[in-house]
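See structure below.
The values are calculated or read from the model by the stated rules, or taken from the named source; none is laboratory data. Not measured: the values here are computed from a predicted model. Here the Cβ positions follow ideal geometry from the backbone for every residue, glycine too, while neighbour counts run over all protein chains shown.
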Amino acid sequence: MVSRRGVIVALAVVALMAAPACARRSNPPLPLPPQPAPTVAPPPVTPTPPAPRAQPVEDLQPSAPLAEDSLGNKSLDEINRDSPLRPAFFPLDSADLDDSGRVVVSSNVEVLKKYPQWVVTIEGHCDERGTAEYNLALGERRAVAVKTYMVSLGIAPDRMRTVSYGKEFPFDQAHTEEAWSRNRRAHFVITAK
């Protein structure tokens, strides 16, 4: 009689000899159908409030021409801290650039032409009067008006973004006509270089 152990060993030997023969006869694996790429939502953009400036309105007019390399090696924070781009101010309840606003924006365009790699965000701001909804819409119209004017002066639209802060980040905290006139503005922030 054949022992149980002998039968198991014989079966194991047969299985080991058959495995390579089966592997040679097997068909190649079928290709998998293409899988759609997973969709990834972009991270939410959190607007950063503008840095408050304590300069009088008179100091916010176009500055003297820049030296060619004066800004090239500075970080974005350093450039924005003492920005060569000046805010454009608006009349009450208006998104129209007046003559002084066009002068400021034209000066900013000349700076952007010297630094064609810069990307800017144009922030629309309002004074504290009016509802939050009204001021957000007015701030957006102001930012878009400035962007449109800059495009007409030769700046590529893809170098500019717009955002409205309405009355949320006043430049001047006082509750006077002078303070309100400082808060009705388009503020420029360099966001990439």
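Some points to look at:
- First in the stretch 96-112 and over 13 Å from Ala145 (Cα atoms), second anywhere and surrounded by 15 or more Cβ atoms within 10 Å (Cβ to Cβ) and β-branched (Val, Ile, Thr), Cβ under 8 Å, 6 or more apart: Val109/Ile155; Leu112/Val120; Leu112/Ile155
- Some residue of the stretch 166-187 being among the hydrophobic types (A, V, I, L, M, F, W, C), within 29 Å of Ser75 (Cα to Cα) and modelled with pLDDT of 95 or more: yes
- Filter result (closer than 12 Å to Ala145 by Cβ and under 25 Å from the mean Cα position of the chain (by Cα)) within the stretch 71-95: Ala88, Phe90, Ala95
- Enumeration of residues in the stretch 138-179 that are out of contact with any helix residue (DSSP H, G or I) (no Cβ under 7 Å at 6 or more places or on another chain), touching a residue at least 60 places away in the same chain (Cβ under 8 Å) and not acidic (Asp, Glu): Phe169
- Residue that is nearest to His187 (Cα to Cα) [pool: residues in the stretch 104-161 that are of a type in the set (S, T, N, Q) and buried (at least 16 other Cβ atoms within 10 Å of the Cβ)]: Thr121
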